[in-house]
Amino acid sequence: MFVAHQLNAYEINEYNVMADMISYPNADAYNKYLYRDFLTTQLYPNVASITRFNLLLQQNKIVTSVLTPQPTLSVEFPQMNNAYRTKYYAWSYVVENPYSAGNSILKINVNDASGKQNSEYKAGSTVALSEPVFIAKPNSSAEDDGVLIIRGLDVGSEKGLLVVVDAKTMTEIGRANVPILIPFGFHNKFFATDSL
């Protein structure tokens, strides 16, 4: 098994830790494919799963379970409301078919493997969406009460764009087109000093 990105981890008690991650059966997704291939042939492997690792420390045992309705997806770059990091949570946002035109952002309830509460946002058949960033509404009480800021690339016009999506309903609120090509690049997280 190969793990590239962690979604969240939290303690149930001092002897039980949950860790949710994007996992692959091996490292082929990172060894065999090039960024160029993703954009031109949409070859991103359909092997990623959102896997929960239940670390049972007293028993010296790890139990795994898949958190999505289908055992494998083509997903990456998991995000969430950072106020719930290291805590019990419900919602994750992932890129389905990364780097591919016509891809989507999935909202996944990690506590309901049936997928009945999941939803999806698509920007259009020529738009390749990148990693979403969750921004909570001020004084929000619901975990998914906020917006997703998503950078995209319109492969038809070869121009960049920025999309704002309601994180609760997964509907587009607004879009800003950029007059130049902005390629996908490095990604990470920003934490304000007072949240560290």
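Values in this text are rule-based calculations from the coordinates and carry no lab data. Computed from a predicted structure; not experimentally measured. Every residue, glycine among them, receives a Cβ derived from its backbone with ideal geometry; neighbour counts consider all protein chains shown.
Of the residues making up segment 128-143, at least one is β-branched (Val, Ile, Thr), out of contact with any Phe, Trp or Tyr (no Cβ under 7 Å at 6 or more places or on another chain) and under 29 Å from ARG52 (Cβ atoms).
How about segment 165-174: which of its residues are without any contact (Cβ under 8 Å) to a residue 24 or more places away in the chain and either exposed (fewer than 15 other Cβ atoms within 10 Å of the Cβ) or farther than 11 Å from GLY146 by Cβ (or both)? The one that is without any contact (Cβ under 8 Å) to a residue 24 or more places away in the chain and either exposed (fewer than 15 other Cβ atoms within 10 Å of the Cβ) or farther than 11 Å from GLY146 by Cβ (or both): GLY174. Only one of (1) in contact with an Asp or Glu (Cβ under 7 Å, 6 or more places away or on another chain); (2) within 20 Å of ASP144 (Cβ to Cβ); (3) free of Cβ contacts under 8 Å to residues at least 60 places away in the same chain fails for ASP112. Which number is that? Condition not satisfied by ASP112: (1).
Pick from SER92, SER100: which is touching a strand residue (DSSP E or B) at 6+ places or on another chain (Cβ under 7 Å), within 17 Å of VAL75 (Cα to Cα), polar (S, T, N, Q) and outside any strand (DSSP E or B)? From the options SER92, SER100, the qualifying one is SER100. Taken together, the criteria place VAL95 among residues that are closer than 22 Å to SER23 by Cβ and within 15 Å of the chain's Cα centre (by Cα).
Criterion first (of a type in the set (S, T, N, Q) and out of contact with any His (no Cβ under 9 Å at 6 or more places or on another chain)) does SER130 satisfy it? The answer is no for SER130.
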